[in-house]
1. Please compute the modelled spin-label separation between residue 42 and residue 122, points set 7 Å along Cα→Cβ, answer in nm with one decimal.
2. Roughly speaking, what is the stretch gain from residue 63 to residue 157, that is 0.36 nm per residue apart minus the C-alpha to C-alpha distance, in nm to one decimal?
3. Among rounded, prolate and oblate, which fits region 28-185 when a ≥ b ≥ c are the square roots of the eigenvalues of its C-alpha gyration tensor, a/c under 1.5 means rounded, and a/b larger than b/c means prolate?
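What follows draws every value from the coordinates through simple rules; no lab data is involved. Worth saying up front: this structure is predicted, and the values here are computed from it rather than measured. In this analysis, Cβ positions are derived from the backbone assuming ideal geometry, glycine residues included, and neighbour counts consider all displayed protein chains.
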């Protein structure tokens, strides 16, 4: 009986988790840019998705040099009106760094956008230049729970938006790196439900244990009387 109760509790908790947590297909990027209409940010923005990251950084000039830890894909240059601007680029891999030298067709004030492949629910960003940083978590994800994941150091601004939580560090001069561990927004509730079910199953087992002990004591007393 005890084993059946415990097994039923575990199965029920698994069902609750599958219902409460959205599927990965629901949270994947559909190719649309949810923050395309956001106000200009004078720093680098990292938009995280489940399997890639979109990086948006402001440019103002006729060239740019990038030194990245990961290889960039689908690089595009946009002017302040959102139109594509042509550019020439050269690439080299040196001592673990991906180095890009970009020369624009003329002076440009706008943004440079590129994608980087990534996996997991942890993001670590070494700070190379002391500039403002904005990180946008995947839709349906958040951070800030000590038991599930937090951001180190704590961001200057945290916005919990439906389209993706936004974390902003305005001053990174004293920050060697930023680390974020994040989780689905439904995870705290799912964890609480699981802990409640396990606690209930443990209480049932404890009660049945004491009931069995009392029955054995009663049976022994009967035998002693005989």
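1. The answer from the label model is 3.5 nm.
2. Once the chain is fully extended between residue 63 and residue 157, it gains 30.7 nm.
3. prolate
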